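Contents: one structure, followed by commentary.
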Amino acid sequence: MPKSKRDKKISLTKTTKKGLEVKQSLIEELRKCVDTYKYLFIFSVANMRNNKLKDIRSAWKHSRIFFGKNKVMMVALGRGPADEYKENLHQVSKHLRGEVGLLFTNRTKEEVNEWFSQFKEVDFARAGNKATFTVNLDTGPLEQFPHSMEPQLRQLGLPTALKKGVVTLLSDYEVCKEGDVLTPEQARVLKLFGYEMVEFKVTIKCMWHSETGDFQQLVKETEETSEMEEEEEEDDEENAN
């Protein structure tokens, strides 16, 4: 009787080793960038969208961008003065909390700030985002939708029906009010009707100079960010213990 594929054993040791190799490779790549580029900037992202970040990577091919895996990046740079890779890099690690990334570049602070201050793109909100304005739909035909969409619209909570093969809104409908925390259904309706409510933007927070070791904070931390950092530091201490 042939062995079942379900009985195939997978070595956890190999899996762990592969994961460690990936982390070690990232650490080496980060340190190589520290040695290669003149400036290191820390940036935060509001309303993260992978396709927008891809556009930034394409525009900054002359530089290197790392996003995600904050704890591995902290290991590469150093968490404190005793284990930092170069002078003052532990100051960079302190800001690796939440949706942030690293930009290694030879472009000046002025060039970086000017480019990123202009890179802002609106997009559709997702569940959990706050509505930035109220959206009401008027009674009447919704000719932009094919008749096959009617059941989906009704499932999303819209009072719709087919009238002579045309999707029709039977009564006025309020999708959301300004300030509402959007549900998945509300976010889907807003997208179907083309209402964009969020803005993808990047904020340059800090800068480190490789030649001098100088660290400069460029924007003030918000109370919310500071609270999040304190919580993550507590989590790190608990994990270490």
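Here is how the numbers come out for the structure above:
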item	result
Members of the range 131-152 that are open to solvent by 60 Å² or more (accessible area, probe 1.4 Å) and in contact (Cβ under 8 Å) with a residue 60 or more places away in the chain	Thr132, Phe133
Matching entry among Gly101, Gly80, Gly165 (being at pLDDT below 95 and touching a strand residue (DSSP E or B) at 6+ places or on another chain (Cβ under 6 Å))	Gly101
Strands (runs of 3 or more DSSP E) within the range 68-156 that include 2 or more residues of a type outside the set (D, E, K, R)	100-105, 135-137
Selection count where residues are surrounded by 14 or more Cβ atoms within 10 Å (Cβ to Cβ) and in contact with a strand residue (DSSP E or B) (Cβ under 6 Å, 6 or more places away or on another chain), scope the range 191-201	4
Which numbered condition Glu178 fails, given (1) in a loop (DSSP other than H, G, I, E, B); (2) within 30 Å of Trp208 (Cα to Cα); (3) modelled with pLDDT of 95 or more	(2)
Failed item in (1) in a loop (DSSP other than H, G, I, E, B); (2) open to solvent by less than 50 Å² (accessible area, probe 1.4 Å), with Ile204 passing the rest	(1)
Residue check for Thr183: open to solvent by less than 40 Å² (accessible area, probe 1.4 Å) and either touching a residue at least 12 places away in the same chain (Cβ under 8 Å) or more than 18 Å from Val122 (Cα to Cα) (or both)	no
Flag if Asp214 is at negative phi and open to solvent by less than 70 Å² (accessible area, probe 1.4 Å)	no
Answer from Val92, Val122 - the residue that is buried (at least 16 other Cβ atoms within 10 Å of the Cβ) and of a type in the set (A, V, I, L, M)	Val92
Counted residues, the range 58-84 - those being farther than 19 Å from Lys205 by Cβ and among the charged types (D, E, K, R)	2
Top-ranked residue in the range 153-174 [being open to solvent by less than 60 Å² (accessible area, probe 1.4 Å) and not aliphatic (A, V, I, L, M); ranked as nearest to Gln186 (Cα to Cα)]	Gly157
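The values are calculated or read from the model by the stated rules, or taken from the named source; none is laboratory data. Not measured: the values here are computed from a predicted model. Cβ atoms come from the backbone with ideal geometry, glycine included; neighbour counts cover every protein chain shown. These area figures cover heavy atoms from the full protein model, side chains too; ligands, DNA and RNA do not enter into them. Shrake-Rupley method; radii C 1.70, N 1.55, O 1.52, S 1.80 Å.
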